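Trainee: My questions all concern the structure below.
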Amino acid sequence: MSQPYDPASDGAQMSFKERMSYSDYLHLEKVLDAQAPLSSAHDEMLFIIQHQTSELWMKLALHEIGAAIGSIRADRLEPSFKMLSRVARIFEQLNNAWDVLRTMTPSEYTEFRDALGQSSGFQSWQYRAIEFMAGNRNLAMLGPHKHQPDLTDRLEAILATPSLYDEALLLLARNGFDIGADARRTDWRETRGENEEVLVAWQTVYRDPQRYWMLYELAEKLVDFEDYFRRWRFNHVTTVERIIGLKRGTGGTSGASYLKKMLEVVLFPELWTVRTRL
Ligand code: HEM
């Protein structure tokens, strides 16, 4: 009989007494110690891990969107393309994750739903930060975070600066396009309205991609991001309806009806309208 494979003989490091290990580097002790089910229901672990992993991916999405905003502002479009592609892939990954959660039936969820109290993804500050960074700035959504000044400050800091879409419009202006009222904005907290000049600018870009290739590519990266973000919202509401039907949410909204209304939110409006004009 052959000897079992010994990784040490292959050079694998086997002793970490005074060395940084995989676990040390990743702080796995902290990460893997952060699941604390409040009931004895088997499926609560799935529910917790699904949310925690989603929040980790959202953390990465925020990191990438923030850097993409900085790159566009500095007229460095190529790195921003890479970051925006990554954001779209993150949402694709999150979309696939619904398949795991969908294995939980309404009966299984009911076993621990009461333990959640009033907590809900509605209070996910990272999700709001993504929306705010992208350009969907509904100030009412600051409400659930008022009791945490540090988080409110982080969200306010995002609202004080141009969003991803605002930066794309400012880039159009730097390239000689008339962006109408968007060129005169000073208060970024205000929700901007769709405007004709911006639509005409995108129309010009889409009618002559060869001439405006970088702007055209940026526009398509933004549409790709929104496409995958919309799929996330759609998968969420479908999963929610499958699990709780038309019951109210733990966060207090009308539940699936509220989430269906949110499907109408558009992040980059002129980029969708322009398609009708081409
Ligand atoms: C059993 C699974 C789930 C159910 C039944 C559910 C249910 C709901 C409901 C009913 C709402 C509306 C707010 C409320 O009244 O509570 C909501 C919002 C939300 N949920 Fe979930 N959810 C589930 C899983 C998830 C997961 C895995 C995430 C990932 C982080 C998530 C993130 C969110 C976010 C970000 C919102 C706010 C959406 C918005 O305001 O547009 N949910 N959820």
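Trainee: Tally time: how many residues in the stretch 152-177 are assigned to a helix (DSSP H, G or I), open to solvent by 20 Å² or more (accessible area, probe 1.4 Å) and either out of contact with any Lys or Arg (no Cβ under 8 Å at 6 or more places or on another chain) or in contact (Cβ under 8 Å) with a residue 40 or more places away in the chain (or both)?
Mentor: Our first condition is that a residue be assigned to a helix (DSSP H, G or I); within the stretch 152-177, this holds for 152-159, 164-174.
Within this subset, residues satisfying the condition of being open to solvent by 20 Å² or more (accessible area, probe 1.4 Å) are 152-154, 156-158, 170, 173-174.
Within this subset, residues satisfying the condition of being either out of contact with any Lys or Arg (no Cβ under 8 Å at 6 or more places or on another chain) or in contact (Cβ under 8 Å) with a residue 40 or more places away in the chain (or both) are 153-154, 156-158, 170, 173-174.
So the count comes out to 8.
Trainee: Then there is this: From the set of residues in the stretch 245-278 that are open to solvent by less than 20 Å² (accessible area, probe 1.4 Å) and part of a helix (DSSP H, G or I), which is nearest to R128 (Cα to Cα)?
Mentor: Of everything passing the filter in the stretch 245-278, A256 is nearest to R128 (Cα to Cα).
Trainee: Name the residue, out of A115, A97, that is over 23 Å from the mean Cα position of the chain (by Cα) and either in a helix (DSSP H, G or I) or surrounded by fewer than 17 Cβ atoms within 10 Å (Cβ to Cβ) (or both). Walk me through it before giving the result.
Mentor: Values: A97 fails: over 23 Å from the mean Cα position of the chain (by Cα).
When all the criteria are applied, what remains is A115.
Trainee: Let me ask another. Does at least one position in the stretch 210-229 carry a residue that is within 16 Å of the ligand (Cβ to nearest atom) and assigned to a loop (DSSP other than H, G, I, E, B)?
Mentor: No: zero hits.
Trainee: Among residues belonging to the stretch 178-225 that are crowded, with 17+ Cβ neighbours inside 10 Å and of a type in the set (K, R), point out the one that is farthest from N138 (Cα to Cα).
Mentor: The qualifying residue farthest from N138 (Cα to Cα) is K221.
Trainee: Collect the residues in the stretch 230-257 that are more than 8 Å from the ligand (Cβ to nearest atom) and touching a Leu at 6+ places or on another chain (Cβ under 8 Å), keeping them in residue-number order.
Mentor: R230, W232, F234, V237, S257
Rundown of residues vs (1) assigned to a loop (DSSP other than H, G, I, E, B); (2) away from the ligand (no atom under 15 Å from the Cβ), yes/no style:
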position: H42; (1), (2): yes, no
position: Q52; (1), (2): no, no
position: I65; (1), (2): no, yes
position: S71; (1), (2): no, yes
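The values are calculated or read from the model by the stated rules, or taken from the named source; none is laboratory data. Because the structure is a prediction, the values reported are computed rather than measured. Here Cβ is always computed from backbone atoms with ideal geometry, including for glycine, and neighbour counts include all displayed protein chains. In case anyone asks, the SASA skips ligands and DNA or RNA and just uses the protein heavy atoms, side chains included. Shrake-Rupley method; radii C 1.70, N 1.55, O 1.52, S 1.80 Å.
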